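Just so it is clear, none of the values below were taken in a lab; they were calculated from the coordinates. Here the structure is a predicted model, which means the values were calculated and not measured. When we count neighbours, we look across all protein chains shown, and the Cβ atoms used for this are built from the backbone with ideal geometry, even at glycine.
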Amino acid sequence: MLPLRNLARTAAPPAARAFGSEATLPTALYDMHLSLKGKMVPFAGYTLPVLYETEAGGVMNEHLHCRSEGKSSLFDVSHMGQIRWRGADRVAFLEKVLVGDIAGLGDGEGRLSLITTNEGTIIDDTVLCNAGDSVYMVVNGACKHKDMAWFEEQMADFGGDVSMEYCDDLALVALQGPGAAATVAKLVPSSVDLSKMDFMTGFDTTLAGIEGCRLTRCGYTGEDGFELSVPNDKAELLAQALLDDASVLPTGLGARDSLRLEAGLCLYGNDIDDTINPVEANLTWTIGGPKSRRRTEQGFNGADKFLTPEGKLKKTTKKRVGLTGFKAPARQGAELYLGEEQIGHVTSGTFSPCLKKPIAMGYVAKELAKEGTEIQVKIRNKMQTAVVTKMPFVETSYYKAA
């Protein structure tokens, strides 16, 4: 097994910075964020911009820019963990620790999957891609060290030919929005035709003449877009090449959160965690349909906790739902009621810049999870009517080649 790289080693500059009592690490784009007037905050152990204090910046402007025709937004997501899986038994191992069909991925194909505990709850969500001689995986920044410790433990029990490489020498940026493909097309080799590249596919390539990069058509906003992996020492060069396009706006964590919520996407630690299983989270599509191989064969950690031997979903007492209809934003932790009885709570909430109204997601008793059900949400100690609403709140625009 290839050894894990030093987990303490990070992108340059390496010195931690303190926000109050919280020490955080910079990404390779830290100095660029400061030069662009990024308002820096601690997030997932790193220092990242929540917004940019410019005339074009601010959460509302940055959010709307990302959904504007011909425009795109640049996010620093270098806090995420990038992992390469190698070895003859890598797929078999990944199908033990993940719920999805990894063996069925064609060359370059990717998917969202879930890492589960032996009790069937969610350790993390992850995007992974068949990279030919390896599997490329991206895990959440706040979870990556926990995830890798779990993988190490599982590999010790597995005993097959599989190795894990933590790629801490790589930065990661995301370009999201209707104009993303036109911008990235200027940076890829002339032999690459992005019009033939489906959402959730990727490949190793050069970008802006920089070798050792990887391009994945995916994202966390509901828009078309790409994640671009690049060596740390070339990250600023790539980011600047993207920003040289006048249609691209640097964008912070604030808009990233409101964009993903409009798209109905979960944030680990808010909407899913190791107390929630895929059925409760409404994420069983990551496993497959009722007759899919992974539903019937199973074999992944905790499958028996939420699937019957025949692959049917076991009953649960709660479900993740979307919520609208209230006047003031309902934040994480807001209580949900039916009459005098508390029947759930909000896990994520914000004001939707596109819909111009508050939206939220949370968990309610299963019998109340039907679209159109009226319940109440307690906001600032006052009850407001809320309506269970289908997600995504804003239609997604994932790209599919003709």
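Just to be sure I understand the model, the point goes 7 Å from the Cα along the line to the Cβ. What's the resulting GLU341 to THR308 distance in nm?
Distance between the two pseudo-spin positions: 2.6 nm.
Applying 1/(1 + (r/R0)^6) with R0 = 30 Å to the Cβ-Cβ distance of SER292 and ALA365, what FRET efficiency is obtained, to the nearest 0.05?
For R0 = 30 Å, the calculated efficiency reads 0.60.
Using the Karplus curve 6.51 cos²θ - 1.76 cosθ + 1.60 with θ = phi - 60°, work out ³J(HN,Hα) for each residue of the stretch 242-258 in order, rounded to whole Hz, and write x for Gly and Pro.
5, 6, 5, 7, 5, 7, 9, 10, x, 9, x, 5, x, 6, 4, 6, 5
Using a Cα-Cα cut-off of under 30 Å, which lysines could be cross-linked to LYS382, ignoring same-chain neighbours fewer than 8 residues away?
Answer for LYS382, where 30 Å is the Cα cut-off: LYS318, LYS319, LYS327, LYS356, LYS357, LYS366, LYS370, LYS390, listed by chain and number.
Once each part is reduced to its C-alpha centroid, what is the distance from the stretch 239-284 to the stretch 355-384 in angstrom?
21
If you keep only loop residues by DSSP, which GluC sites (Glu not before Pro) in the stretch 284-337 have at most 13 other Cβ atoms within 10 Å of their Cβ?
For GluC sites (Glu not before Pro) across the stretch 284-337 that sit outside H, G, I, E and B with at most 13 neighbouring Cβ atoms in 10 Å, the list reads GLU310.
With 10 angstrom as the radius, rank HIS145, HIS33 by how many other C-beta atoms surround their C-beta, starting from the fewest.
Starting with the residue having the fewest Cβ neighbours, the order is HIS145, HIS33.
Calculate the FRET efficiency for TRP285 and THR317 from the Cβ-Cβ distance with a Förster distance of 22 Å, rounded to the nearest 0.05.
0.60
What is the percent of Cα-Cα separations in the stretch 312-355 that go past 11 Å?
74
Starting from the Cα of ASP89, step 7 Å along the direction of its Cβ; do the same at THR275; then give the gap between the two resulting points in nm.
For the pair ASP89/THR275, the computed spacing is 3.6 nm.
Taking the Cα centre of the chain as origin, work out the dipole magnitude from +1 charges on Lys and Arg Cβ and -1 charges on Asp and Glu Cβ, in debye rounded to 20.
Charge dipole, the chain, about its Cα centre: 1160 debye, nearest 20.
Work out the FRET efficiency for GLU53 and LEU355 from their Cβ-Cβ distance, taking R0 = 25 Å, and round it to the nearest 0.05.
About 0.45, to the nearest 0.05.
Over the stretch 195-255, how many percent of alpha carbon pairs lie in each 10 Å bin up to the one with the longest distance?
Going out from 0 Å in 10 Å bins, the stretch 195-255 shows 20, 49, 31, 1 percent.
Report the residues of the stretch 57-85 in range of a label on SER191: point 7 Å along Cα→C-beta, backbone N strictly under 19 Å from it.
Under 19 Å, as judged by backbone N against the label point of SER191, lies no residue of the stretch 57-85.
At 7 Å along the Cα-to-beta-carbon direction for both ASP233 and ASP157, put a label point, then send me their distance in nm to one decimal.
Computed distance between label sites ASP233 and ASP157 equals 4.1 nm.
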